[in-house]
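Please treat every number below as a calculation from the coordinates, not as lab data. Computed from a prediction, not measured in an experiment: that's the story for all the values here. Note: ideal-geometry Cβ built from the backbone for every residue, glycine included; neighbour counts use all protein chains shown.
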Amino acid sequence: MKRLSNMIRKTAGISLSAAIAVSMLPVQVFASIEYDSGVNDYGDKVNERVEVDAENNDVTVTGGDIDAQDKWPVDALRINASEGHTATVTTGNITKEDGSGITVNNYPDTEEGSGGTTVLTVNGDVNASGNVSVGYGQIMGQGETSTEINGNVSAGWTGVYSRSRSGESDLTVNGDVTAEYGIDAETFDNAVSDITVNGNVNAEKTGVKTQAGDEALLDVTIEGNVNGGKHGVISWAYNEAEIGIEVNRNVDGSVVGVAGQACGGSDIDIKVKGDITSDEYGIYAEPFIDEDEGEGFGTVSVLAEGTVTGGKVGVLLHEDADSRKNVTVTAWKITPNKDGVVAGYEKEDDETETIYEDEDFEKNNINYIIRVEQPESGATLTASDDTAHEGANVTLRIDLDQNYIITGAFSDEGKSVPLLTDAEGNYYVVVPRGGGVLLSVTVGEKPAPQPAPQPAEENDDNAGQTPETVNGNVGIVAENNVVVSSPENLDQSIMSAPQGGTVSVVLTEGTGLSNTVIAALSGRSDVALDIIFVYNGLTYRAIIPAGFNLAQFLNAAGGIDFETLAVHFGTIMQ
């Protein structure tokens, strides 16, 4: 546990010093085109580094592509803005072979200042392919920054690197982000930062790293997938900061899918609309106490609308029981590990990496999403609850169209687990460990009423066939090739019927054909079955021809219920 906890905190904070070191490298001024005031247009393309400086004046720069790959300086485009001044820049593609693609500095003239304003639009891709390179970097931004990149961002080191203090930052990438570290964002000192990627984030190490402190607000939205070679999404918050992360598809990381550590009354809220997958830990959540960063636990909440899978465990928690009380997980399904554990913790001094299950957390802090699959026609379904804990009863409410009947009701994605029914005939499910509830029904049209069978002529083989009581059992007395059967021993009657015979029976309402009866019919392919039964207040007659393949109509128990008999074999008797 200690190793994973320290790794995430370290990973969340390693980038700042490295980025500052890169930004402080010497710059060859002769390789730059500099703009410090007025309205400027550099044309369709420039093969030099561009620097826009709004320290003393407002400045607007427009143009096409910036290709600075042959130039040694750190960044292809650099924008500086001081308090009271605005830099507005519009470009095409930005390319840098060795160094950063874009650097934006919003800094105050004095310690009390608020920084300047920058508005940047890139109508193309940003590619910074050097060994130490940032696609987009906002270093120590303290003013107001608005950036829109209408293409992809790729970098050898970090795709989007954002640091906001006491200001507001709004960044949108309308393509994919591909880098060693995809998104690396820190927000402090009451700053507000909003980052949106409308494509995928693909990273060799970490997809999304976030850190926030001192009552700051940081929101990150990824419309596509987040793929991290080691970590999918990791977050660290302290001193009443708030971090919100939303991924609208899947998250994948070999070490951890999503992770959140929060202290000092801070809050981390991670929402994933798809699956969370990891070779080790699907979700790692650790509220903790750090006197240096604000006393008291923070809170961590994770929503996964898909399946959470971890090779070691789906949800990893801290061994401190008080920490676990501040974690909430909502998921459609969490895959148990090899030992059947859904959520558990490791002990700091235990080198065996044993996962100790926390059953109380599973039953009280995990909410499972209840999915409902609507049939194409015939019925409208509603679950009594949108989410429920393990062991809770969830009822399926069915608004059935007049001309339809229910032929099957299921609680799982594979439609192999039938729903239970209560004394009133309502369908319900007991939420299983790990969730995965998908409520569904199969429906069929009611057969149209048919005329009752007419009495046979005297020379008919079945003449005189009428329902009677025989030896205390209700059956159909028939002559010639028809066997009289009791419902309790229907399987035996089938097996003992004469060659090519027909077994006739009146079944008690609500019973159906058991798996033993189906097995008997399978063993006597020469025998037909003639059934009379009552379903939904109507009397049906169903005939199953000799040798008929019933495999397609079997329920989860291997039998056939009255709904199926009525839909596929039944004729309503008047």
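Averaged over residues, the count of other Cβ atoms within 10 Å places the peptides 46-55, 197-206 in the sequence 197-206, 46-55, highest first. If R0 equals 51 Å, the separation of the Cβ atoms of residue 549 and residue 364 corresponds to a calculated FRET efficiency of about 0.60.
Packing here is the average count of other Cβ atoms within 10 Å per residue, and on that basis the peptides 299-308, 86-95, highest first, run 299-308, 86-95. Amide H contacts under 5 Å for residue 140: 163, restricted to partners 5 or more places along the chain or on a different chain, H placed in the peptide plane at 1.01 Å from N. Once the chain from residue 386 to residue 573 is taken as fully extended at 0.36 nm per residue, the excess over their C-alpha distance is 63.1 nm. As a proxy for reagent exposure, ranking 272, 153 by other Cβ atoms within 10 Å from fewest up yields 272, 153. When peptides 429-441, 257-269 are sorted by average Cβ neighbour count within 10 Å, with the highest value leading, the order is 257-269, 429-441.
Between the C-alpha center of segment 90-157 and that of segment 178-247 there is a gap of 17 Å.
Positive end of the dipole of the chain (Cβ unit charges, origin at the Cα centre): among 498, 211, 140, the Cα lying farthest that way belongs to 498. Expressed as a whole percent, the proportion of Cα-Cα pairs in segment 258-318 lying more than 20 Å apart is 30%.
Mean projected area of the convex hull spanned by the Cα atoms of segment 373-445, taken over all viewing directions: 4.8 nm². Mind scanning 273/333; 45/96; 96/205; 205/347; 209/271; 230/363 and naming the pairs with a C-alpha gap bigger than 18 Å? In this structure, 96/205; 205/347; 230/363 exceed 18 Å between Cα atoms.
Over the chain, dividing the summed -39,500 (n - 2.57) contributions of all DSSP H runs of at least 4 residues by the number of residues returns a 222 nm mean residue ellipticity of -2500 deg cm²/dmol. For the pair residue 373 and residue 393, the difference between a 0.36 nm per residue extended length and the Cα-Cα distance amounts to 5.4 nm. Model label sites at residue 39 and residue 508, defined 7 Å from Cα along the beta-carbon direction, differ in position by 9.1 nm. Using only side-chain charges placed at the Cβ, +1 for Lys and Arg and -1 for Asp and Glu, the dipole size of segment 50-172 relative to its Cα centre rounds to 320 debye. Within the chain, antiparallel bridges make up roughly 20 percent of the DSSP beta bridges whose residues both belong there.
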